[in-house]
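All remarks here apply to the structure that follows.
The numbers here are math on the coordinates, done by the rules we state, and not lab data. Every value quoted in this text rests on a predicted model; they were computed, and no experiment measured them. A quick note on method: Cβ atoms are made from the backbone with ideal geometry, for glycine too, and the neighbour counts reach across all protein chains shown.
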Amino acid sequence: AACKKPPVFCIITEYLPGGSLKKYLHHQEPHSLPLSLVLKLAMDIAHGMQYLHSQGILHRDLKSENLLLDEDMSVKVADFGISCLESQCGSAKGFTGTYRWMAPEMIKEKHHTKKVDVYSFGIVLWELLTALTPFDNMTPEQAAFAVCQKVYTLKEANKPRLSALLHAYLR
């Protein structure tokens, strides 16, 4: 899309030829990513989140589609369209996001903190371990209801110790 009337704003970023993490995972067999790659990607995402949080920024829409890969398989966090300063976030009233990755307090439109990004990171970690889409057997609305009621299960990640860590993120 183009804007023909001023003011015109544009953001120039580096070219990331790897596309989104979601696209990359879609082309993988379930449970096939080597643990070393899972850990590398997870650490890249964690470092990106750590930086954002150190600056007081909440991403609020962390998901595999908003994580981009460069030619070296390094992850860059993207799409800050609904991010906010933690000191100014308040509640999520009128908020739009992605239910499958959204923390319960955001779905319920309650006050939230950087913990919402940690929750979403847990869902992304599960995606890395399984190469599957979270809650793929539910509509987004059903997934939101299940998350709020804490009546969901994600298919196991085939790595028991990491599965335990993952469940800790999602509490």
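Miscellaneous remarks
- Simple spin-label estimate for Asp72 and Ser32 in nanometres, 7 Å along Cα-Cβ: 2.6
- Around the amide H of Ile57, modelled in the peptide plane, lie the amide H atoms of Glu86, all under 5 Å away and 5 or more residues distant in sequence or on another chain.
- Entries in Lys40/Lys63; Lys76/Lys150; Lys76/Lys114; Lys23/Lys114; Lys40/Lys76; Lys110/Lys150 that, when Cα-Cα distance is taken, lie over 24 Å: Lys76/Lys150; Lys23/Lys114
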